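J.: After the structure tokens below, expect a handful of questions from me.
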Amino acid sequence: MSQTVEIMIAGFGGQGVLFAGKILAYAALMAGKEVSWLPSYGPEMRGGTANISVIISDTPIGSPIVDNPGVFVAMNQPSLEKFEEEVQPGGLIILDSSLIQLKVKRHDLQACYIPATKLAEDNNLKGLANMIILGRIARETGLFDLDTLYLAASKSIPERKKDLLAFNKKAIEIGYNY
Amino acid sequence: MADKVLMKGNEAIAEAAIMAGCRHFFGYPITPQTEISAYMAKRMPKIGGTFLQAESELAAINMVYGAAAAGARTMTSSSSPGIALKSEGLSFLAACDLPSVIVNIQRGGPGLGGIRPSQSDYFHATRSTGHGDFHMIVLAPNTVQEMFDLTLEAFDLADKYRMPAMILGDGMLGQVMEPVDISRGNNIKTYVKDWALTGTKGLRKRNVVNSLYLSAEELELLNFQRFDKYKEVEKIARTEDYLLEDAEVVVVAYGICARIAKNAIDTARKNGIKAGLIRPVTLWPYPKHQLKAAAEKAKAFVVVEMSMGQMIEDVELSIRCSRPVLLCNRTGGMVPTREAVLESIEKAALLKGEQNADSI
């Protein structure tokens with residue numbers, strides 16, 4: 001059956017939401033799916049909020065803009081406050097519960113709480129909360145298995161940073177199996 | 001099928017240019033097209049090409065003039081206010097019949113405007129890119145794959161017709177990342193440029209590249225000849241149509257707006273409205289015959305654009321105002337939503353063909 005998943009990941013600039021989206025996009029590409037990756041660009045990149053829209057589909061993608069995500073990931077509180085109302089009914093919200101004290105208010109969707117930032121720190125993976133979240137997205141949505149994510153991560157990480165691949169893989173695994 | 005790679009629209013343009021044989025890129029940074037310069041800066045030195053960050057947009061376009069006069073495949077890129085600065089140079093390129101590719105990744109205007117996507121340079125690209133009587137080929141991609149494909153085509157058309165060609169994108173198409181098949185870039189046609197300034201070596205009559213003609217008779221004749229050529233170029237006008245066959249409401253949109261329109265058309269069809277899309281791929285030449293043919297079946301038109309109503313004039317001209325034409329637009333960096341386009345389609349579906357849009 002033809003399926004389209006509209007994903008939005010939002011957080012502070014520097015949390016790596018664009019990069020997490022990029023790995024999702026690569027995973028989709030390797031799975032032979034249509035995909036678009038659209039960053040909100042501009043002054044946000046300099047420390048404000050940043051978000052990334054990824055659409056994964058079995059059919060060609062129309063607009064790459066995600067107004068109403070089916071899967072929404074909040075990596076900080078302002079993002080949850082800004083986008084909670086926009087999520088599709090029956091959709092999924094994943095949030096970093098170590099940075100967000102609020103609970104999801106809506107009852108017409110599924111909520112997943114994962115203390116990604118704390119998990120990263122506890123496992124000496126500081127700065128890789130985005131990869132933990134990525135693992136969780138894959139597991140919750142059933143979009144990709146761990147091997148596909150590993151392959152996508154190795155494609156997305158530039159050659160000069162290849163020594164960091166193992167840490168990224170570990171973080172993805174923690175999120176996937178949380 | 002060849003492997004696809006993930007690329008930003010801006011990167012796809014840069015890679016296509018390199019594969020098309022462009023080894024002379026002159027630019028000046030401006031958001032949201034800077035990835036083109038960044039890509040060129042990284043790649044050109046490795047393949048024996050020239051990346052040059054000029055001291056200004058004016059300098060960059062005049063470097064393009066020089067490289068093109070010498071017969072090289074050459075490109076410059078910028079965004080709206082920067083393209084405005086290149087206008088004089090564009091007129092000179094057209095006046096000297098110099099093949100060249102110019103990329104405009106539009107942002108909101110007028111003035112310095114903003115850095116969000118826009119289509120408000122439509123008039124500038126298709127009507128008044130510089131002073132004097134001339135045209136440029138203007139191609140409007142709507143996916144990253146097309147950013148790649150149409151850049152290849154722009155180099156080909158520029159050489160074939162000896163005239164500047166523009167890629168007219170927007171900030172969103174520049175930034176979006178999608179899978180691209182770059183294998184078409186391996187099959188590039190080249191042209192003999194016996195008019196180019198390559199040095200006579202004492203063996204042939206010298207070539208001249210010049211745009212100054214103090215004899216009005218001579219200048220008029222040249223302009224007539226150039227417009228005879230444009231008649232030929234008009235044959236390349238083309239569209240991509242979607243569900244047009246039985247469409248009563250025809251949406252006309254280019255670039256990213258066409259993709260938003262497709263979503264809205266799908267919903268409209270589900271709701272029982274026979275909607276379809278004409279997406280002009282060439283903005284100059286404008287696909288006026290395709291529009292005129294569609295008007296014979298359609299009841300009403302909806303034009304979706306990120307400007308205050310610029311392309312709508314070409315739609316009305318093409319169909320000789322024979323059907324009502326509604327405008328669904330945003331400006332200043334805002335992007336029309338699928339819902340807004342759907343509403344316009346629903347409104348248009350209620351119109352009878354003869355009704356004048358002004359009364360709505």
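The values are calculated or read from the model by the stated rules, or taken from the named source; none is laboratory data. In this text the structure is predicted, and so the values were computed from the model without any measurement. For neighbour counting, all protein chains shown are included, and Cβ atoms are generated from backbone atoms with ideal geometry for every residue, glycine included.
J.: Working carefully through the options B:Val192, B:Val233, find the one that is more than 30 Å from A:Ser36 (Cβ to Cβ), modelled with pLDDT of 95 or more and in contact with a strand residue (DSSP E or B) (Cβ under 7 Å, 6 or more places away or on another chain).
T.: Working: B:Val192 fails: in contact with a strand residue (DSSP E or B) (Cβ under 7 Å, 6 or more places away or on another chain).
Result: B:Val233 is the single residue among B:Val192, B:Val233 that is more than 30 Å from A:Ser36 (Cβ to Cβ), modelled with pLDDT of 95 or more and in contact with a strand residue (DSSP E or B) (Cβ under 7 Å, 6 or more places away or on another chain).
J.: Moving to a separate point now. Wholly within the stretch B:54-152, which helices (runs of 4 or more DSSP H) include no fewer than the required count, namely at least 2 residues that are in contact (Cβ under 8 Å) with a residue 24 or more places away in the chain and touching a Pro at 6+ places or on another chain (Cβ under 9 Å)? Steps first, answer last, please.
T.: Details: elements: B:57-69, B:80-85, B:87-95, B:122-126.
Fully inside the stretch B:54-152 and qualifying: B:57-69, B:80-85, B:87-95.
J.: If we only count helices (runs of 4 or more DSSP H) wholly inside the stretch B:249-322, which ones have 3 or more residues that are outside the structural domain of B:Gly169 (by TED's automatic domain parsing) and crowded, with 22+ Cβ neighbours inside 10 Å? Don't jump to the end; show me each part of the working.
T.: On the way: elements: B:256-270, B:288-295, B:311-318.
Qualifying helices (runs of 4 or more DSSP H): B:256-270, B:311-318.
J.: From the set of residues in the stretch A:135-178 that are in a helix (DSSP H, G or I) and β-branched (Val, Ile, Thr), which is nearest to B:Met7 (Cα to Cα)?
T.: A:Thr148
J.: Let me ask you something else. Would you call B:Ala216 surrounded by 12 or more Cβ atoms within 10 Å (Cβ to Cβ) and more than 30 Å from B:Gly309 (Cα to Cα)? Break it down stepwise before answering.
T.: Details: surrounded by 12 or more Cβ atoms within 10 Å (Cβ to Cβ): no; more than 30 Å from B:Gly309 (Cα to Cα): yes.
In short, no.
J.: Among the residues of the stretch A:90-107 satisfying the criterion of being aliphatic (A, V, I, L, M) and under 23 Å from A:Glu121 (Cα atoms), which is farthest from the chain's Cα centre (by Cα)? Quick ask: steps written out before the conclusion?
T.: Narrowing the stretch A:90-107 to residues aliphatic (A, V, I, L, M): A:92-95, A:99-100, A:102, A:104.
Retained after the next criterion (residues that are under 23 Å from A:Glu121 (Cα atoms)): A:93-95, A:99-100, A:102.
Working: A:Ile93: 11, A:Ile94: 9, A:Leu95: 10, A:Leu99: 15, A:Ile100: 16, A:Leu102: 19 Å.
It comes out as A:Leu102.
J.: So is B:Ile83 touching a strand residue (DSSP E or B) at 6+ places or on another chain (Cβ under 9 Å) and of a type outside the set (Lys, Arg) or not?
T.: Numbers: touching a strand residue (DSSP E or B) at 6+ places or on another chain (Cβ under 9 Å): yes; of a type outside the set (Lys, Arg): yes.
Against the criterion (touching a strand residue (DSSP E or B) at 6+ places or on another chain (Cβ under 9 Å) and of a type outside the set (Lys, Arg)), B:Ile83 qualifies.
J.: So the check is Cβ under 7 Å with 6+ separation or different chains; which pairs have a first residue in the stretch B:207-221 that's not assigned by TED's automatic domain parsing to the domain that holds B:Leu98 and a second one that's aromatic (Phe, Trp, Tyr) and in a helix (DSSP H, G or I)?
T.: Close Cβ pairs satisfying both conditions: none exist.
Condition check ((1) buried (at least 20 other Cβ atoms within 10 Å of the Cβ); (2) more than 10 Å from every other protein chain (Cβ to nearest Cβ)) across all residues:
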site: A:Ala25; (1), (2): yes, no
site: A:Ala31; (1), (2): no, yes
site: A:Asn51; (1), (2): yes, yes
site: A:Ile55; (1), (2): yes, no
site: A:Met75; (1), (2): yes, yes
site: A:Ser79; (1), (2): yes, yes
site: A:His107; (1), (2): no, yes
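J.: Of everything in the stretch A:7-64, what is β-branched (Val, Ile, Thr) and at pLDDT 90 or above? Give them in sequence order. Quick ask: steps written out before the conclusion?
T.: To start, the set of residues in the stretch A:7-64 that are β-branched (Val, Ile, Thr) comprises A:7, A:9, A:17, A:23, A:35, A:49, A:52, A:54-56, A:59, A:61.
Within the stretch A:7-64, A:Ile7, A:Ile9, A:Val17, A:Ile23, A:Val35, A:Ile52, A:Val54, A:Ile55, A:Ile56, A:Thr59, A:Ile61 qualify.
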